[in-house]
1. Estimate the FRET efficiency between residue 167 and residue 49 by the formula 1/(1 + (r/R0)^6), using the beta-carbon distance for r and 35 Å for R0, to the nearest 0.05.
2. Measure off, as a whole percent, the carbon and sulfur share of the 1.4 Å-probe accessible area of the chain, all protein chains present.
3. Straight-line reach only, C-alpha to C-alpha below 18 angstrom: list the lysines that residue 3 could link to, leaving out same-chain residues fewer than 8 apart.
4. With a Cα-only, solvent-free Debye model of segment 144-244, what are the log10 I(q)/I(0) values at q = 0.13, 0.18 Å⁻¹?
5. Gap in Å between the Cα centre of segment 12-45 and the Cα centre of segment 202-242?
6. Across the chain, how large is the tail of the calculated P(r) beyond 37 Å, expressed as a percent of all Cα pairs?
7. Between exposed trypsin sites (Lys or Arg not before Pro) in the chain, where DSSP calls loop and at most 11 other Cβ atoms lie within 10 Å, what's the longest gap?
8. Are any of the pairs 66/118; 66/191; 66/112; 112/225; 191/225; 112/189 more than 24 Å apart by Cα-Cα distance, and if so, which?
Amino acid sequence: MTKRVVLIGHPVAHSLSGAMQQAAFDALKIDARYELWDRPPIELPEAIEELRGGDFLGANITIPHKERVVPMIDRSTEEATATGAVNTITHEGPRLVGHNTDVAGFEVALDKLVGRQKMPRTAVVLGAGGGSRAVVYGLIRAAFQRVIVFNRHLHRSEGLVRHFARSAAHMELRAMPWHESIIESEIAKTKLLINATSIGLTSDASPVPAEALLPELLVLDLIYKQTRLLRDAEAAGCTARDGELMLLHQGAASFSLWTGQPAPLEVMADALAAARAGGVVSAEGEPSGDRTTVVAGA
Ligand code: NDP
């Protein structure tokens, strides 16, 4: 019987995960199909119950459900509990287990960005959604000492800081209001800037003015494309990377959880590149696209 893995989100059309995961199943001759399920929040509990059926290997969960799904599953792993967000579901017999592989994906991206330099100890994070939670937890695990989170709606970043109160007890984790002058002043004091907002995804806007970007800054944009922020950063002489590696490695970690096999990274990277060349630009969590339910590869 063909096994099924589904991406549940709203919307999900144009997700890059479908191309990447289907290519991996096909390359390893695993009889499985990656499906995209567009489910609004009200239909989420029913969709999660459906996953208990024997034909499912598991699921990916994306915008806007990563936090909402937590109480609907039976057990959460350390990363899922720590972040309060689930992006991958597996089976443990009849029980559903929630994982957060965005954390592992982010850690690979961070290591690559830092390269041979010393790991910084301070960071400015823009955004306080599901992606930001994985980033902040990754920074805590990487022994950062000061992390400042800016979000358009301050209450959300304050909630994020409260959520991490215990795991960040040894360090300074603060939410600050989204004011250009405060953001600029914090960027001037830090070595690492991470954009975990969706600014730049569907428009050519940047979350920060180009003048705020100084040459020694490391810049990571979770968005999987050459955003204005990344272009400005490169023009200023910063080291800058997009969200490709994070997307690839969160997907590879999910694949291994579902199949028990190492992910064919090269195949997945090629499939991502091909999907991108074909005009698909969305990273996980893109709030755009139409609302059709499609089967990957169909
Ligand atoms: P969420 O919807 O959970 O969060 C969106 C964030 O963007 C919030 O902080 C929101 O602020 C902010 N935002 C959106 N529009 C604006 C705006 N006009 N001005 C200021 N802030 C804005 O999404 P995710 O956290 O899941 O994803 C965020 C981004 O990260 C997306 O672009 C997604 O593609 C990318 N991502 C990439 C991954 C990868 O593997 N490369 C993995 C996960 C995410 P507010 O709370 O105030 O609305």
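1. The pair residue 167/residue 49 has a calculated efficiency of 0.65.
2. Roughly 52 percent, rounded to a whole number.
3. Straight-line reach from residue 3, under 18 Å: 29.
4. -0.46, -0.88
5. 30
6. Of the Cα pairs, 12 percent sit more than 37 Å apart.
7. Longest stretch, sites excluded: 190-290.
8. Check vs 24 Å cut-off fails for 66/118; 66/191; 66/112.
The values are calculated or read from the model by the stated rules, or taken from the named source; none is laboratory data. Values in this document were obtained by computation on a predicted structure and should not be read as measured data. In this analysis, Cβ positions are derived from the backbone assuming ideal geometry, glycine residues included, and neighbour counts consider all displayed protein chains. Ligands, DNA and RNA are excluded from the accessible area calculation, which covers all protein heavy atoms including side chains. Shrake-Rupley method; radii C 1.70, N 1.55, O 1.52, S 1.80 Å.
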